[in-house]
1. Give the Rg/Rh ratio for the stretch 2-110, taking Rg as the radius of gyration of the Cα atoms and Rh as the Kirkwood radius, to two decimals.
2. What FRET efficiency do you get for residue 221 and residue 178 if R0 is 25 Å and r is their Cβ-Cβ distance, rounded to the nearest 0.05?
3. Roughly what % of DSSP beta bridges within the stretch 2-110 run antiparallel, to the nearest 5?
4. Mean-square fluctuation check for the chain, GNM, Cα pairs under 10 Å: which of 40, 194, 142 is largest?
5. If r is the Cβ-Cβ distance from residue 71 to residue 123 and R0 is 45 Å, what FRET efficiency results, to the nearest 0.05?
6. If you fit an axis through the alpha-carbon atoms of helix 210-219 and take the longest principal axis of the Cα set of the chain, what angle between them do you get, 0 to 90°, nearest 10?
7. On a 0 to 90 degree scale, rounded to 10, what angle separates helix 81-97 from the longest Cα axis of the chain?
8. From the P(r) of the stretch 120-162, could you give the percentage of C-alpha pairs in the tail past 15 Å?
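Any read-out appearing in this document is the output of simple, stated calculations on the displayed coordinates, not a laboratory observation. Please read all numbers here as calculations on a predicted model, not as lab measurements. Every residue, glycine among them, receives a Cβ derived from its backbone with ideal geometry; neighbour counts consider all protein chains shown.
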């Protein structure tokens, strides 16, 4: 039996064990992704770095605890600037391969590693902001700079639920979900709008938000309605329009001489 020192506390160990094994046996948290007790350690993820003091008490270096074999009197630290720098580098390297991994970011947060803002799929083309302002007229999105980074963010209570921003987004960063009679529009984990949907009077499916229909009625209010209005989805509106046109054409023909 030998003794090693972890973060200033002595722990018993056996020859051949690794520093990571000793840490886990004693409830000391060291992050790792590639380690499994049934497999030979590979040190692939590089997350399990610890600070090791040289045998002569010289400079401290970072070593991977999953492959570091213990020896009597070995002294390691699981926190501190050297460890933090090694872990941050490892997390960033892993996130280059899996930028959307929530597990990696959660692990980094749990171990006090401050990472750059997560990618959100948005390329800051501003198409969504412009179409909402210039075409739709709702002005429900804006660009906001946070810690030197520009983000597309919602304006409070401006969204009418039309979904135009999601349709024009070239990368799919804005998501629209219709679940039963509710439409939810999101960017990242931020809510742009959540609205009840109206049923089509023709086919009965949910097709547009109440707020969008009310908005269109207000926009078209100055123009006189020359025919009865209905709440039709685009498919039914086109279908009934074609039928009305066909009936009108037939009526005209029957009134013409020779018919």
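1. Using Cα coordinates only, the ratio equals 0.97.
2. That gives a FRET efficiency of 0.35.
3. Bridges in the stretch 2-110 are about 85 percent antiparallel.
4. Greatest mean-square fluctuation among the candidates belongs to 40.
5. On the way: r = 52 Å, r/R0 = 1.15.
Efficiency, rounded to the nearest 0.05: 0.30.
6. Between the helix axis and the principal axis of the chain, the angle is about 50 degrees.
7. With both axes taken from Cα atoms, the answer is about 40 degrees.
8. 40 percent
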